[in-house]
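Q: Sending over a structure as structure tokens; questions will come in a sec.
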Amino acid sequence: MNYTWWINNKDGDGLNVFEGGFLGLDNISVFDRSMRLPDGYKLKQSDASGWMAMFAMNMTVMALELAVQDPDYEDTAIQTYEQFLNIANSVTGHAATGVSLWDADDGFFKDLLVEPNGTHHRVDVYSWVGLIPLFACEVVDQRLLEQVPRFRKLLESHAGGVFHGNFICACPAHENDRGEHLLSLVDHTMLPAIVRRLFDEREFLSPHGIRSVSRIHAERRDLDFLPGIGEALIEYVPGKSNSGLFGGNSNWRGSVWLPTNYVLILALEKFNRFLGDGYTVLAPSLAEGELTLREVVDSLARRMANLYRPDTTGKIPAFIPSSPWQPDPHWRGHLQFFEYFHSDNGFGLGAAHQTGWTGLLANLVMRCHGQDIAGFEIGKEGNVKPRREQRGGKHEHYDS
């Protein structure tokens, strides 16, 4: 997908390449998004737009890093950040439809189907489609801003997250106590609603990571009739696909994928870095009260690392019981990485060895065990148990 072409291709209807096309995650909607819709119908994609907003943020920070040594890169940083602003403007509906992809009533990002007459319909799917906009998040410190006065002025010109008179993103001009700036599609007021869904075991949180489709779709399958599409169905499938639809690969239907989980962890860590431990959220399946983002991130990392940690019976969740990697001493120490994992029992599925991204588990193990995070402990099942002396014992029943 050509990023520059997308940014510059306008036909009077805003930035709109992401009205369709195969993203690699397209199987988590109600139909095959690589297929063309009827003439005049448009699909505004939340995940594709969020992914490109993330890409623009990544490019901005890389340019700022290079500008520390070579000020000429300030122009690139300005260009890519302005591209981020244009993407955010489109996501919030100001470029064309007038309707944001953020459903404020539901606290979630959703695809938007637009009919030829302009009538719009939200696609009420709870999946990575609505989580990926979280990835468009970077923290910029004073070191990166020292050599880029025009870029700093650009941030100030969009104080309050305002672009062309409309609120579109987190305030880039605001500084935390360390003088850092948050550049993000999602702001601190939107984050709690997303996190409540993420860390609810009735929805996204599984014992082994974040599901690619919320578990609520095990019951809520019928999304009624969508013009141009027909009867819209979404199904939660925790393991291998039960369908050959969607390009022959329908595995993004509920299983746990390492790459998206890992990028989610990085994003939440950035929010925690900027907002600090004074910013807390509700995570209903982890603790009764509010937790810091540092706490929920560590708990998620622990659940994923536990895929290869022997459980109380000595079994490794990632391997089926009959696997030679379970009891055989000649195989037991030679771990096999899988492409994705069954979200209910943790079994490894898909291609193996898939070290390209499942090898990120090594990084998660370091995050779990390579640093001392004060104020809470992690149980074996990945549940947070705040220390009584620091939390006054208010969560003391949450032992694991």
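Q: Tell me, yes or no, whether the range 87-102 has at least one residue that is in a loop (DSSP other than H, G, I, E, B), open to solvent by less than 20 Å² (accessible area, probe 1.4 Å) and out of contact with any Leu (no Cβ under 9 Å at 6 or more places or on another chain). Please lay out each step first, then the result.
A: Going residue by residue through the range 87-102, those that are in a loop (DSSP other than H, G, I, E, B) are 92-101.
Narrowing the set further to residues that are open to solvent by less than 20 Å² (accessible area, probe 1.4 Å) leaves 93, 101.
From what's left, out of contact with any Leu (no Cβ under 9 Å at 6 or more places or on another chain): none.
Looking through the range 87-102, none of the residues is in a loop (DSSP other than H, G, I, E, B), open to solvent by less than 20 Å² (accessible area, probe 1.4 Å) and out of contact with any Leu (no Cβ under 9 Å at 6 or more places or on another chain).
Q: Same structure again: For the range 55-82, enumerate the residues that are touching a residue at least 60 places away in the same chain (Cβ under 8 Å) and either open to solvent by 50 Å² or more (accessible area, probe 1.4 Å) or in contact with a strand residue (DSSP E or B) (Cβ under 9 Å, 6 or more places away or on another chain) (or both).
A: Let us first name the residues in the range 55-82 that are touching a residue at least 60 places away in the same chain (Cβ under 8 Å), namely 56-58, 60-61, 64-65, 67-68, 71, 74, 77-78, 81-82.
The answer is M57, N58, T60, V61, L64, E65, P71, Y81, E82.
Q: Please determine whether any residue of the range 326-333 is over 18 Å from the mean Cα position of the chain (by Cα), farther than 27 Å from I216 by Cα, among the small types (G, A, S) and open to solvent by 10 Å² or more (accessible area, probe 1.4 Å).
A: Yes; the residues of the range 326-333 include at least one that is over 18 Å from the mean Cα position of the chain (by Cα), farther than 27 Å from I216 by Cα, among the small types (G, A, S) and open to solvent by 10 Å² or more (accessible area, probe 1.4 Å).
Q: Oh, and also: Please specify each residue of the range 158-196 satisfying the condition of being polar (S, T, N, Q), under 27 Å from R211 (Cα atoms) and assigned to a loop (DSSP other than H, G, I, E, B). Step through it out loud before you land on a result.
A: As a first pass, look at the range 158-196 and keep what is polar (S, T, N, Q): 166, 176, 184, 189.
Going one step further and asking which of them are under 27 Å from R211 (Cα atoms), we end up with 184, 189.
Residue satisfying the conditions is T189 alone.
Q: Determine whether the range 311-331 contains at least one residue that is under 30 Å from E175 (Cα atoms) and polar (S, T, N, Q). Don't jump to the end; show me each part of the working.
A: Narrowing the range 311-331 to residues under 30 Å from E175 (Cα atoms): none.
No, the conditions are met nowhere in the range 311-331.
Q: Just the residues that are under 19 Å from the mean Cα position of the chain (by Cα), at pLDDT below 95 and farther than 29 Å from H217 by Cα, please, taken from the range 74-127.
A: I87, the sole residue that qualifies.
Q: Also, quick follow-up: Does any residue of the range 227-242 turn out to be free of Cβ contacts under 8 Å to residues at least 12 places away in the same chain, farther than 30 Å from L37 by Cβ and of a type outside the set (S, T, N, Q)?
A: No, the range 227-242 contains no residue that is free of Cβ contacts under 8 Å to residues at least 12 places away in the same chain, farther than 30 Å from L37 by Cβ and of a type outside the set (S, T, N, Q).
Q: Need pairs with beta-carbon distance below 7 Å; first residue more than 21 Å from E203 (Cβ to Cβ) and free of Cβ contacts under 8 Å to residues at least 60 places away in the same chain and within the range 329-353, second open to solvent by 60 Å² or more (accessible area, probe 1.4 Å) and not in a loop (DSSP other than H, G, I, E, B); sequence gap 6+ or separate chains.
A: These pairs meet every condition: F337/T355.
Q: In the range 152-202, what count of residues is obtained for those that are of a type in the set (K, R) and within 22 Å of the chain's Cα centre (by Cα)? Reasoning before the result, please.
A: From the range 152-202, those of a type in the set (K, R) are 152-153, 178, 196-197, 202; that's our starting set.
Cutting the leftovers down to within 22 Å of the chain's Cα centre (by Cα) gives us 196-197, 202.
Residues that pass the stated criteria total 3.
Q: Tally time: how many residues in the range 250-273 are open to solvent by 20 Å² or more (accessible area, probe 1.4 Å) and not basic (K, R)?
A: 6
Q: Sort out which residues of the range 181-201 are in contact (Cβ under 8 Å) with a residue 24 or more places away in the chain and either more than 23 Å from T92 (Cα to Cα) or open to solvent by 20 Å² or more (accessible area, probe 1.4 Å) (or both), and write them in order of number. Outline the logic, then answer.
A: Kept after step one, since they are in contact (Cβ under 8 Å) with a residue 24 or more places away in the chain, are these residues of the range 181-201: 181-188, 190-201.
Those that are in contact (Cβ under 8 Å) with a residue 24 or more places away in the chain and either more than 23 Å from T92 (Cα to Cα) or open to solvent by 20 Å² or more (accessible area, probe 1.4 Å) (or both): H188, M190, P192, A193, R196, R197, F199, D200, E201.
Q: Any residue in the range 128-138 that is open to solvent by 10 Å² or more (accessible area, probe 1.4 Å) and out of contact with any helix residue (DSSP H, G or I) (no Cβ under 8 Å at 6 or more places or on another chain)?
A: Checked the range 128-138: no residue is open to solvent by 10 Å² or more (accessible area, probe 1.4 Å) and out of contact with any helix residue (DSSP H, G or I) (no Cβ under 8 Å at 6 or more places or on another chain).
Q: Identify all residues within the range 287-322 that are farther than 30 Å from L191 by Cβ, open to solvent by 10 Å² or more (accessible area, probe 1.4 Å) and of a type in the set (G, A, S); write none if there are none.
A: Listed by number, the residues that qualify are G314, S322.
Q: Right, next: Give the residue, chosen from L155, L134, L144, that is closer than 30 Å to G209 by Cα and either at pLDDT 95 or above or assigned to a helix (DSSP H, G or I) (or both).
A: Values: L155 fails: closer than 30 Å to G209 by Cα; L144 fails: closer than 30 Å to G209 by Cα.
It is L134.
The values are calculated or read from the model by the stated rules, or taken from the named source; none is laboratory data. If you're wondering where the values come from, they're calculated on a predicted model, not measured in any experiment. Cβ sites come from the backbone with ideal geometry, for glycine too, and all protein chains shown count toward neighbours. When the accessible area is computed, the model is the full protein with side chains, heavy atoms only, and any ligands, DNA or RNA have been set aside. Shrake-Rupley method; radii C 1.70, N 1.55, O 1.52, S 1.80 Å.
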